[in-house]
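S.K.: I am attaching a structure below and will ask some questions about it afterwards.
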């Protein structure tokens, strides 16, 4: 019975002598880490932001300055490049086309994925796990694999060069991703919430819209973000399936070579404008994405 | 009146409920008593219409409602977990059944305020459920069940996750609130003491069977079989096997306990509640038993003394703080009139304890 007291009494003086050098070492470490603490994040940010800075830098320069001299900031500041994009229909229509099919794709993907994810999270059926995995395997194939079949199929239906064609093609990749993300969020809602709603008298559609969707709002946000981003940056399918009427901005950017050479400044301005929507979307869903990571999805 | 006829529920190879028949009258309080996994929740889910029985039918006032969805049934249910709609305020949570039923604003407000006052939620009506304590969340769920004013109210261990004081308070309050509306009130619990406090009728469940259904006191005093007696005993029922010859139950050690009723000679299991053992003889007929103290638990006003008697482990519940050393041999007394007697198949025989409980 007295054993614990004795050992405690014996350990205490020893612990005190050991603790001192250890504390000193810890102090040293904090001091040195304070001294060098700025280095790693600074390098990190420089490497990350350098290409973006250079792009913005270029977008405000004239072509002569870009090709002529190495300047860290625009000597001859100009807004001409942006004026070209906002006044020339062949440029700004690219943005409009992109936004149209990206929004269409995001809406279709979510409309399809919400019921699918609900089924996967709430019901057990034969082969549900296999089906879930099979959905994900769709994302493992590179888009190029599907370019030819899509082109052939859409030609037959007269869908080539429409926004719908690109939106539907991107669904192949975005629906599985959205199902996967939403399933994670939905499984975090106890099944008893559904049942309480049924007992309260909610019909399924009413329950889904009025009670369930607000509960997984952050999941819907995250899924929408990923659909948006994939569709926004995807180039190959979008270019293959469009010719003129629905040509996306990324495709227009690859075709700026003219007789007078490359218009560097306009291209840089187009690049800046392409980054902005993505940055905006990320800003709005940044908290939800953190939540998505916490739930083990995304 | 809610009537269950030969309900079976099977999921895969597991049998959750087997052949359950019950008749619950309007305006009654019914307790489903059984340990975890005994089928209380399965039975309630079938009553609510959330699950379909594998076989058997459910009748409400004589009408078969077996396949009817919960939306179309006149039922309210509260789960053991605190289930609310996290995206709505407490007010909207409570109002939700009436909103769906398209009641007018005035009557919704009246009902919500009344239920909130009953559940002491009035100051929290504008809050979100997840910003409330567990007790307040469960009271929100209970208030929603009150507002629905349903003919069948199912409470599945609603107080299990609440703190002691709140539990006492609500346990007294709930039956009164629902009794006023003439509803069929069903309350599932694992605690025998809770069943006794609630009163009404009790159905004891064990491994998917309803072992007995009747007025709570009757079930407690005269269980029809050993399983029911064990289910309805906390701390656990004390049992020992005894050989009845003539007018005496002879225990393994050779001690004899006088048998009151005339039953056939043979091997029986006798059972008695922990508080039927005492340190002083309760009457002239009390039998003295020499036992060894195995462990001691003191709650303050009572002591649980774990005893070993020949091959059996018993518990004695005795008032006051008792100071026994483990291994100490003590003499305890048992009143033979309080014995429950079960035959080889576990059925209760003859003897009805006159002074039980």
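S.K.: At a Förster distance of 25 Å, what's the computed FRET efficiency of residue A:45 paired with residue A:284, Cβ-Cβ distance as r, to 0.05?
M.R.: 0.65
S.K.: What nm value, rounded to one decimal, do you get for the distance between residue B:345 and residue A:208 when each label is placed 7 Å out toward the C-beta?
M.R.: Output for this residue pair reads 5.3 nm.
S.K.: Ok, one more. Across the residues of B:84-91, average count of Cβ atoms on other protein chains within 10 Å?
M.R.: Values: counts 2, 11, 5, 8, 3, 0, 0, 0.
Neighbouring Cβ atoms belonging to other protein chains average 4 per residue here.
S.K.: So, one more: Over all residues in B:73-79, what is the mean tally of Cβ atoms on other chains that come within 10 Å of each residue's Cβ? Working shown, then result.
M.R.: Numbers: counts 3, 0, 4, 3, 6, 3, 7.
For peptide B:73-79, the averaged partner shielding equals 4.
S.K.: If a paramagnetic tag sat 7 Å from the Cα of residue B:37 along the Cα-Cβ line, which residues of the range B:203-225 would have the backbone N under 19 Å from that point?
M.R.: Under cut-off, by backbone N: B:205-211.
S.K.: Which of these, B:91, B:164, B:187, has the largest mean-square fluctuation under a Gaussian network model of chain B (Cα springs below 10 Å)?
M.R.: Of B:91, B:164, B:187, the Gaussian network model singles out B:164 as fluctuating most.
S.K.: Here is a follow-up. Treating the protein assembly as shown as a set of equal point scatterers at the Cα positions, no solvent, please give the Debye-formula log₁₀ I(q)/I(0) at q = 0.05 Å⁻¹.
M.R.: Reported log10 I(q)/I(0), two decimals: -0.45.
S.K.: Still on this structure: Using 0.36 nm times the number of residues separating residue B:197 and residue B:280, minus their current alpha carbon distance, what extension gain do you get? Let's see the in-between values first.
M.R.: Numbers: separation 83, 0.36 × 83 = 29.88 nm, distance 2.80 nm.
Length gained between residue B:197 and residue B:280: 27.1 nm.
S.K.: Ranking request for peptides A:278-290, B:333-345: highest mean number of other beta-carbon atoms within 10 Å first, then the rest in descending order. Each step should come with its number before you reach the end.
M.R.: Numbers: A:278-290: 13.3, B:333-345: 19.3.
Put in order of decreasing packing, that is B:333-345, A:278-290.
S.K.: Related question: Hey, what number do you get for chain B at 222 nm if only DSSP H runs of n ≥ 4 count, each worth -39500 (n - 2.57), divided across all residues, to the nearest 500? Write down the numbers at each step before the final one.
M.R.: Working: 8 runs with 85 residues, N = 357.
Dividing the helical sum by the residues of chain B leaves -7000 deg cm²/dmol.
S.K.: Of the peptides A:239-249, B:244-254, B:171-181, how do they stack up when ordered by the mean number of other Cβ atoms within 10 Å, highest first? Walk me through the intermediate numbers first.
M.R.: Working: A:239-249: 19.5, B:244-254: 14.1, B:171-181: 15.7.
Per-residue Cβ counts within 10 Å, averaged per peptide and sorted highest first, yield A:239-249, B:171-181, B:244-254.
S.K.: If contacts are Cα pairs under 8 angstrom and at least 6 residues apart, what is the relative contact order of chain B in percent?
M.R.: Numbers: 764 pairs, mean separation 55.3, N = 357.
This gives 15 percent for chain B.
S.K.: Roughly how crowded by other chains is peptide A:186-199, in terms of the mean Cβ count from those chains within 10 Å of each of its Cβ atoms? Present the calculation step by step, with values, prior to reporting the outcome.
M.R.: Values: counts 0, 0, 0, 1, 4, 3, 10, 6, 2, 9, 15, 7, 10, 18.
What the average comes to for A:186-199 is 6.
S.K.: What fraction of the DSSP beta bridges in the protein assembly as shown is antiparallel, stated in percent and rounded to the nearest 5? Please list the in-between numbers first.
M.R.: Values: 61 of 79 bridges.
Taking every DSSP beta bridge with both residues in the protein assembly as shown, the antiparallel ones total about 75 percent.
S.K.: Taking only C-alpha pairs under 8 Å that are 6+ residues apart, what is the relative contact order of the range A:88-293 in percent?
M.R.: On the way: 197 pairs, mean separation 70.5, N = 206.
About 34 percent, as a whole number.
S.K.: Continuing with this model, one more query. What share of the DSSP beta bridges in chain B is antiparallel, in percent to the nearest 5? Can you show the working numbers first?
M.R.: Numbers: 60 of 78 bridges.
Of the beta bridges lying entirely in chain B, close to 75 percent run antiparallel.
S.K.: Here's another thing I want to ask about it. What is the spin-label model distance, in nm, from residue B:328 to residue A:275 if the labels are put 7 Å beyond Cα along the C-beta direction?
M.R.: Each label point lies 7 Å from its Cα, and together they span 8.2 nm.
S.K.: At 0.890 mPa s and 25 °C, plugging the Kirkwood radius over alpha-carbon pairs of the range A:174-247 into Stokes-Einstein gives what diffusion coefficient in µm²/s? Could you put the intermediate results ahead of the total?
M.R.: Values: Rh = 14.5 Å.
Estimated via Stokes-Einstein, D reaches 169 µm²/s.
Values in this text are rule-based calculations from the coordinates and carry no lab data. Every value quoted in this text rests on a predicted model; they were computed, and no experiment measured them. Every residue, glycine among them, receives a Cβ derived from its backbone with ideal geometry; neighbour counts consider all protein chains shown.
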